[in-house]
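Peer 1: I have a structure I would like to understand better, so I am pasting it below and will then ask my questions one at a time.
No value in this document is a laboratory result; all are computed from the given coordinates. These numbers come from a predicted model, not from an experiment. Note that each Cβ is placed from the backbone with ideal geometry, even for glycine, and that neighbours are counted across all protein chains shown.
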Amino acid sequence: MKIAIMAAGGLGSYYGALLAKDGHEVTFITRGAHLAAIRANGLTVKSPHGDFEIKPARATDHPAEVGVVDWIIFSVKTYDTATAARAMLPMIGAQTTVVTFQNGVDSHDAIGAIVGKEHVIAAPTQVVSNVAAPGIIEQKSPFRTSFVGEVYGPGLTPRVQALVEMLKRTGVDATAVGDARTPLWHKFAFIAPVAGLAALARTAPYDLFQLAEARAALRAAIAEVVAVGKAHGVAMDADIVERQYQFTMNLKPGAKPSMQLDLEQGKRLEIDAMSGAVVRLGAEKNVPTPVHQTIYVALKMADEQTKLKVKN
């Protein structure tokens, strides 16, 4: 299969490397030092599941050079969704499938508005993988779990099942689902509260949730996400609030969500796709979201300040 990674950050580089190792023709779309390192030395992966190299590795910063592909692994930051979707149009043919691995619950709509909804499926994923240095990926988690499914119907499809089989061959714990919205919102019920509260407190989750008041805010924030999802007609497990709360309580010392790391490193924040989306989607259905509104107001200002610095 011909596959493009749009773009080759921590998750995209890791999944792309796994697929390249399995024999697929993979092109990593990235830029700057990471691009130069991949071109010069290939891509190195360090992982508890086994270290390996993809050398040589295909890489470019011009999607139009790649041509039409079978699959696009779409893993850009949510605030770059529209720009990246427009840039990848030359890679999309009649049979191309775009798989969004992004955070949030509505990126597929933004992508579909540009490339066509018929091309888009979703793969909510849990994995810890980062660009440790240009050309070097560190995948740290024992888990690498993806749920793959359609977001616009009609249930399980051949392309969903095909991608699941491709990922399984690489060692990823992949599951085909009839409606990707459920695992999207299940993941969202964990990541939006934890990322938002940890970033707001500038404190790693393990340390933050030693505080009883922080645990209460966490449970309330998870419940807000679940209430909003249900109001929008998403089927969610009856015990999902407790499950995600307990999952958070079992996080290891030192682990930080990506949004907190971005804040610490002076980078843009995905706040509009996280607590911002909870507030916006809640308002559409008259569901109150006071915890996420507080998170959003504070971190939105931090993001706006970063945007100004980037422009200047």
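Peer 1: Select from 25, 65, 165 the residue whose mean-square fluctuation is largest in a Gaussian network model of the chain (Cα-Cα springs shorter than 10 Å).
Peer 2: Looking only at 25, 65, 165, the biggest GNM fluctuation is shown by 65.
Peer 1: At 222 nm, what helix-only mean residue ellipticity would the chain give, in deg cm²/dmol to the nearest 500, using -39500 (n - 2.57) for each DSSP H run of four or more?
Peer 2: -14500 deg cm²/dmol
Peer 1: Given a cut-off of under 8 Å on Cα pairs at least six residues apart, what relative contact order in percent is computed for the range 168-291?
Peer 2: Over the range 168-291, the number comes to 34 percent.
Peer 1: Which percent, to the nearest 5, of DSSP beta bridges fully inside the chain are antiparallel?
Peer 2: 30 percent
Peer 1: When only C-alpha pairs under 8 Å and at least 6 residues apart count, what is the relative contact order of the range 37-192, in percent?
Peer 2: Worked out over the range 37-192, it gives 20 percent.
Peer 1: At R0 = 51 Å, how high is the FRET efficiency between residue 41 and residue 286 if r is their beta carbon distance? Nearest 0.05 is fine.
Peer 2: 0.40
Peer 1: While we're here: Place a +1 charge on the Cβ of each Lys and Arg in the chain and a -1 charge on the Cβ of each Asp and Glu, then give the dipole magnitude about the Cα centre in debye, rounded to the nearest 20.
Peer 2: 480 debye
Peer 1: Taking the Cα centre of the range 131-272 as origin and charging only Cβ (+1 Lys, Arg; -1 Asp, Glu), how large is the dipole, in debye to the nearest 20?
Peer 2: 240 debye
Peer 1: Select from the range 1-74 those trypsin sites (Lys or Arg not before Pro) which occupy a DSSP coil region and have at most 16 other Cβ atoms within 10 Å, ordered by residue number.
Peer 2: Of the trypsin sites (Lys or Arg not before Pro), the ones in loops of the range 1-74 whose Cβ has at most 16 other Cβ atoms within 10 Å are 31.
Peer 1: Take the Cα of residue 202, step 7 Å along the line toward its Cβ, and report every residue of the range 262-283 whose backbone nitrogen sits under 11 Å from that point.
Peer 2: Answer for this model: 264.
Peer 1: If you average the sequence gap of Cα pairs under 8 Å that are 6 or more apart and divide by the length of the chain, what percent do you get for the contact order?
Peer 2: It rounds to 14 percent for the chain.
Peer 1: Right, another one. Quick check: residue separation of residue 140 and residue 31 times 0.36 nm, minus the Cα distance between them. What number comes out in nm?
Peer 2: In short, 36.9 nm is gained.
Peer 1: Let me ask something else about it. Need the list of aspartates and glutamates near residue 311 for cross-linking: C-alpha distance under 16 angstrom, and skip anything on the same chain fewer than eight residues off.
Peer 2: 80, 303
Peer 1: Among the listed pairs 21/256; 267/307; 2/187; 2/77; 117/187, which are separated by more than 19 Å between their Cα atoms?
Peer 2: The answer is 21/256; 2/187; 2/77; 117/187.
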